[in-house]
Amino acid sequence: WNIDAAKFIEKDDSIQDTLKKCRQKYSMILLSDAPAIWVNRVLAHLNITSFFDVVKTGDSDIRKSFKNALKALLEERRIKGNDCVIVGDEYLTDIEPAKKLGMITILKKNPYHKELVLNNFEYPPDYTIHNINELKKILL
């Protein structure tokens, strides 16, 4: 994980504008199962660190993949699921657990989602996007 994010993450400066506009309306939390060193490198590479109120990484026993991170975050922040919107790129660790907690869910599709048939899931996402900039149409 201690590698150059620029070699793996394509930089798109328009994301900054989208996050800036979302930040004016929402408190923003980044929740990732990846180690902090990688998350911090990606945020720095994209120049978006300042848009997040809280950054939580996979360096603890509270992780999305353990199905305990979202509930712990709600309890820690003293907020209800129906007051939250989650944007995630993984159905099993982002969308399904969030739907069970009453959150509005937005699935950011990736190339490997080609065969993903969202109608086959018990908890389909509320919205599906292909690019982060599509958030403006949904959230603003």
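The values are calculated or read from the model by the stated rules, or taken from the named source; none is laboratory data. These numbers come from a predicted model, not from an experiment. Note that each Cβ is placed from the backbone with ideal geometry, even for glycine, and that neighbours are counted across all protein chains shown. What goes into the accessible areas is simple: the full protein's heavy atoms, side chains included, and nothing from ligands, DNA or RNA. Shrake-Rupley method; radii C 1.70, N 1.55, O 1.52, S 1.80 Å.
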Considering each residue of the range 4-31, count those that are outside any helix (DSSP H, G or I), open to solvent by 70 Å² or more (accessible area, probe 1.4 Å) and farther than 18 Å from K56 by Cβ, and give that number. 5
Exception for N47 within (1) under 19 Å from R23 (Cα atoms); (2) under 16 Å from the mean Cα position of the chain (by Cα) falls at (2)
Within the range 1-30, of all residues that are more than 19 Å from N133 (Cα to Cα) and hydrophobic (A, V, I, L, M, F, W, C), the one farthest from the chain's Cα centre (by Cα) is I3
